[in-house]
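Asker: Below is one structure. I have some questions about it.
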Amino acid sequence: MTDGTERADGKIVKMDMDYSSAVDQQLPECEKMAQDGRLQEAIDNLLSLEKQTRTASDMASTSRILVAIVKMCYDAKDWDVLNENIVFLSKRRSQLKQAVTKMVQECYTYVSQITDLPIKLRLIDTLRTVTAGKIYVEIERARLTKHLAMIKEEAGELKDAAAILQELQVETYGSMEKKEKVEFILEQMRLCVAIKDYIRTQIISKKINTKFFQGENTEDLKLKYYNLMIQVDLHEGSYLSICKHYRAIYDTPCIEADTTKWQQALKSVVLYVILAPYDNEQSDLVHRISQDKKT
């Protein structure tokens, strides 16, 4: 192993011993044990092996054991033991970051599969607890938080949903792809509009650089962004800004390709530029709109 493995305390360590063969042997035995109703005995056996793999900094083997333990708990539908072991395993002394990440990623897949709401909420709470303040699982925590906000919204708790999602500062997440960041920010904006918090929506909107919408496969996000901005500026009575938003929508390829949609967008462009107070910018915009061959 040429690259070091990082422990939860930030120390980089090198693997002392490869336990993959021991894991290959014990995992099937413990899985059979769990299936036969001896879940705790299977977990105890794996915890003994996990201590060795963790101490030896064998990241791959430790990851396999952590994932196996939570999977056995999930398959047995023993939710108490599942939640207890998620917390316990993440706090083990000198635990390996990559192993915790693999375990959290595995548990995240259970969230959408669980239909019982109290059980689902408890698992989300457990996972959000163990991922709090840990940069290496920031994406998983963000996705869990988004899922929780969605549950709150479905329950009609819009203010709670907006507050929960605003906890996330995804624009600072170095490991998250730009597109997913924008999706998160747009959700934050949407929920703020839903609770009529237009000032906060305006603040959050500044986290998105509109140049992003010049890239490929961003048209849906672009339309969502400008439609949200239209709602904000309608509340503010900023007609010139609304005109500009509709122009951005009008200039979107999927709108240009649909006669009904581009005509509606263009009508809105003309309407709001007329409603806007006269000044140099408004006058210039009227001139540019009049030069469009479709008008």
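The values are calculated or read from the model by the stated rules, or taken from the named source; none is laboratory data. Keep in mind that this is a model prediction, so the values were computed, not measured. Don't worry about glycine lacking a Cβ; one is built from the backbone with ideal geometry, like all the others, and counts go over all protein chains shown. Surface areas here come from the heavy atoms of the whole protein model, side chains and all, with no ligands, DNA or RNA. Shrake-Rupley method; radii C 1.70, N 1.55, O 1.52, S 1.80 Å.
Residues checked against (1) touching a residue at least 40 places away in the same chain (Cβ under 8 Å); (2) open to solvent by 10 Å² or more (accessible area, probe 1.4 Å); (3) within 16 Å of ALA34 (Cβ to Cβ); (4) touching a Lys or Arg at 6+ places or on another chain (Cβ under 6 Å):
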| position | (1), (2), (3), (4) |
| --- | --- |
| MET72 | yes, yes, yes, no |
| TRP79 | yes, yes, yes, no |
| PHE88 | no, yes, no, no |
| GLN98 | yes, yes, no, no |
| ALA142 | yes, no, no, no |
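Asker: Which of the helices (runs of 4 or more DSSP H) contained wholly in region 252-295 include at least 3 residues that are under 29 Å from ASN217 (Cβ atoms)?
Answerer: Correct list: 253-256, 259-275.
Asker: Could you list all residues from region 11-55 that are assigned to a loop (DSSP other than H, G, I, E, B) and out of contact with any Ser or Thr (no Cβ under 9 Å at 6 or more places or on another chain)?
Answerer: ASP36, GLY37, ARG38 - these are the residues of region 11-55 that are assigned to a loop (DSSP other than H, G, I, E, B) and out of contact with any Ser or Thr (no Cβ under 9 Å at 6 or more places or on another chain).
Asker: Given the conditions (1) within 26 Å of the chain's Cα centre (by Cα); (2) modelled with pLDDT under 95; (3) buried (at least 19 other Cβ atoms within 10 Å of the Cβ), which single one is not true for MET103?
Answerer: Evaluating MET103 over (1) within 26 Å of the chain's Cα centre (by Cα); (2) modelled with pLDDT under 95; (3) buried (at least 19 other Cβ atoms within 10 Å of the Cβ) leaves (2) as the failure.
Asker: Among what's in region 244-288 and is more than 21 Å from GLN214 (Cβ to Cβ) and β-branched (Val, Ile, Thr), pick the residue that is least open to solvent (accessible area, probe 1.4 Å).
Answerer: VAL273
Asker: Shifting gears a bit: Suppose the filter is in a helix (DSSP H, G or I) and under 26 Å from ILE164 (Cα atoms); does LEU191 pass it?
Answerer: Criteria met by LEU191.
Asker: Step by step: first the residues of region 119-140, then only those that are open to solvent by 20 Å² or more (accessible area, probe 1.4 Å) and of a type in the set (A, V, I, L, M, F, W, C), then the one that is farthest from ALA76 (Cα to Cα). Which residue is that?
Answerer: Checked region 119-140; the qualifying residue farthest from ALA76 (Cα to Cα) is ILE135.
Asker: Just to check your reading of the model, which residue among LYS207, LYS211, LYS222 is surrounded by fewer than 18 Cβ atoms within 10 Å (Cβ to Cβ), part of a helix (DSSP H, G or I) and either more than 12 Å from the chain's Cα centre (by Cα) or of a type in the set (A, V, I, L, M) (or both)?
Answerer: LYS211
Asker: Can I ask one more? Among the residues of region 227-243, what is the count of those that are open to solvent by 30 Å² or more (accessible area, probe 1.4 Å) and part of a helix (DSSP H, G or I)?
Answerer: So the answer is 7.
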